[in-house]
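The values are calculated or read from the model by the stated rules, or taken from the named source; none is laboratory data. Treat the numbers as computed from the prediction; the structure is a model and nothing was measured. Here the Cβ is made from the backbone with ideal geometry for all residues, glycine too, and neighbour counts use every protein chain on show. Protein only, heavy atoms only, side chains kept; ligands, DNA and RNA dropped before computing areas. Shrake-Rupley method; radii C 1.70, N 1.55, O 1.52, S 1.80 Å.
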Amino acid sequence: MRRLFPVTDMTAGAAVPTASAGPTGPAAPAGPTAPAGPAAPAGPAASAVPAAPAVPTAPAGPAAPAGPAHGAGAGAADGDWSLDALADAYAYPEGAGSWLRANMVSSLDGAGQHEGRSQPLSSETDMRIFGTLRGLADVIVVGAETVRLEGYRPARAREAFAARRAAAGQGPAPVIAVVSASLDLDFSLPLFTEPLVPTLVLTGTGAPPERVAAARKAGAEVLFAGDGPRVDPARALAALTERGLRRQLTEGGPRLLGQFVAAEVLDELCLTISPTMTAGHAQRIAGGPPVAVPTRFQVASVLERDGFLFTRYLRI
């Protein structure tokens, strides 16, 4: 895996690989040289070229965590990064209070899914980063439709992140928090009946009482984060933060991500650009009504592997 941005001393000084030479044929005979013309008179010595003016920088957001250090020779830039190295590269900002990060994948032509699922757009490295982001999060916020389509299961504890999570005061696995207005969910699924840590359900005060009771009977904890049937995105995140779940990760779907964007509560987007095209009418990564003014983000890092680009953007 190669780091394309930010550029480091190692990547800036790396030689650009050249195309492999084919079989060498006999050297072509040298053509006759043209007779030299009279030398041009020397002009006055050129003075030093003035430096180009500095390009203005975007307003500084939170500092992007440094990527893994490169080793000698082949180094981490061109090889497989360890989970520890990825965890360092994707670490949550220190002292940022609550922080909402989204992790999504998109095809070259803008599809956020294919036939209702994101897996056909993904790759082995994408899933490795997906697992790393989960291993760093306190809570994974996901929409009810995504739970149904993707067949969500409880998050599991991973030994690779155990020491890091313990040092940060986190539980063994992230909490799953499902956002649903209607609570039209199958509460017999393992996500609700067999989680390592209880699954949360975020809904509005107008949710059907019988569905609230069904969720609680299955073992889920119900949090009300909106008046009436709908969930208010900012209140949902505040309710999670109040429970100490400040490192927040959302995996969509598009409708939920669009609500977070519209509410101006999305701090970071981790977007995998898949080298695929789907055509058709698939949803983009964010749906819902358009915002009045597009939200600006600045690039924090770009990694590449097998044609996939793994990008991170921070809201300005």
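Results, tabulated for the structure shown:
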| quantity | calculated |
| --- | --- |
| Residue 258 vs. criteria farther than 25 Å from residue 91 by Cβ, under 17 Å from the mean Cα position of the chain (by Cα) and touching a residue at least 40 places away in the same chain (Cβ under 8 Å) | no |
| Residues of segment 181-206 that turn out to be open to solvent by 10 Å² or more (accessible area, probe 1.4 Å) and in contact with a Ser or Thr (Cβ under 8 Å, 6 or more places away or on another chain), as a count | 2 |
| Residue satisfying all of: in segment 207-231; more than 18 Å from residue 250 (Cβ to Cβ) and in a strand (DSSP E or B); most open to solvent (accessible area, probe 1.4 Å) among these | 224 |
| Qualifying residue in segment 144-152 (condition: of a type in the set (D, E, K, R), touching a residue at least 60 places away in the same chain (Cβ under 8 Å) and not in a helix (DSSP H, G or I)) | no |
| Condition met for residue 244 (closer than 26 Å to residue 184 by Cβ, assigned to a loop (DSSP other than H, G, I, E, B), of a type outside the set (D, E, K, R) and open to solvent by less than 60 Å² (accessible area, probe 1.4 Å)) | no |
| Residue match in segment 182-196 (condition: part of a strand (DSSP E or B) and under 25 Å from residue 282 (Cβ atoms)) | no |
| Subset of segment 85-138 that is over 16 Å from residue 310 (Cβ atoms) and of a type in the set (Ser, Thr, Tyr) - its residue that is least open to solvent (accessible area, probe 1.4 Å) | 92 |
| Failed item in (1) buried (at least 16 other Cβ atoms within 10 Å of the Cβ); (2) farther than 22 Å from residue 185 by Cα, with residue 259 passing the rest | (2) |
| Among residues of segment 268-286, those that are charged (D, E, K, R) and surrounded by 22 or more Cβ atoms within 10 Å (Cβ to Cβ), counted | 1 |
| Inter-residue pairs, beta-carbon under 8 Å, first without any contact (Cβ under 8 Å) to a residue 24 or more places away in the chain and in segment 167-180, second open to solvent by less than 40 Å² (accessible area, probe 1.4 Å) and in a strand (DSSP E or B), 6+ apart | none |
| Extreme residue, most open to solvent (accessible area, probe 1.4 Å), among residues of segment 155-180 that are in contact with a strand residue (DSSP E or B) (Cβ under 9 Å, 6 or more places away or on another chain), assigned to a loop (DSSP other than H, G, I, E, B) and within 16 Å of residue 248 (Cα to Cα) | 168 |
| Cβ pairs under 8 Å, 6+ apart, first in segment 274-292 and in contact (Cβ under 8 Å) with a residue 24 or more places away in the chain and closer than 15 Å to residue 104 by Cα, second outside any loop (DSSP other than H, G, I, E, B) and acidic (Asp, Glu) | 274/126 |
